[in-house]
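Taking it in order: structure first as structure tokens, then the write-up.
Read-outs: derived from the displayed coordinates by stated rules, not from any lab. All figures in this text were calculated on a predicted structure; none of them were measured in a lab. FYI the Cβ positions are ideal-geometry reconstructions off the backbone, even for glycines, and counts take in every protein chain you see.
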Amino acid sequence: MSLYCFKTENVLSVTDWVKATKERSKGDSIIKNPFKWRIKTIKRDGDLFVVVEANPVYFNFSWFGWITGGFVLLIFGMHWVIFPCIGVGLLGVFWTAEPIFMLTKKALRKHGYSGPIKRLKFSEFIREMVL
């Protein structure tokens, strides 16, 4: 599960992207959308705050790479099989918020939004909303 939040200008292209992403998330096609999205938008002073929870449909298989690499290291010592295991283990980064935010940013640009996109820490988000 990846949970992140970002701030954009309140324009039609961003709200259209949010609406389209919510609709696409309702479908069952894993190929069209490999994530289950929960998106909440908050409008404030001409800005649009978007809180996103993106759950990848695929399970996090990167642990198999680390565990297999550890067993290979214990049994055979330094072996060439360790390197593919490390590669599979490093794929776990795709289950974190940073790459999913970069994909979101790219999708917004593709959707026609050219304004600033600022990722917020949750403490900044709470400060903006509450204080």
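Determine if region 79-100 includes at least one residue that is in contact (Cβ under 8 Å) with a residue 24 or more places away in the chain and under 19 Å from LYS22 (Cα atoms).
yes
Taking TRP80 and the conditions (1) of a type in the set (Phe, Trp, Tyr); (2) in contact with a helix residue (DSSP H, G or I) (Cβ under 9 Å, 6 or more places away or on another chain); (3) more than 22 Å from PHE122 (Cβ to Cβ), which numbered condition does it fall short on, given that it satisfies the others?
Condition (2) is where TRP80 drops out.
Considering only residues that are surrounded by fewer than 20 Cβ atoms within 10 Å (Cβ to Cβ), assigned to a helix (DSSP H, G or I) and either within 17 Å of the chain's Cα centre (by Cα) or aliphatic (A, V, I, L, M) (or both), which ones fall in region 1-17?
LEU12
Looking at ARG127, ARG44, ARG38, which one is among the basic types (Lys, Arg) and surrounded by 13 or more Cβ atoms within 10 Å (Cβ to Cβ)?
On the way: ARG127 fails: surrounded by 13 or more Cβ atoms within 10 Å (Cβ to Cβ); ARG44 fails: surrounded by 13 or more Cβ atoms within 10 Å (Cβ to Cβ).
Matching residue, one of ARG127, ARG44, ARG38: ARG38.
Can you name every residue in region 49-92 that is more than 26 Å from the chain's Cα centre (by Cα), surrounded by 12 or more Cβ atoms within 10 Å (Cβ to Cβ) and among the aliphatic types (A, V, I, L, M)?
Of everything in region 49-92, those that are more than 26 Å from the chain's Cα centre (by Cα), surrounded by 12 or more Cβ atoms within 10 Å (Cβ to Cβ) and among the aliphatic types (A, V, I, L, M) turn out to be VAL72, LEU73, VAL81, ILE82.
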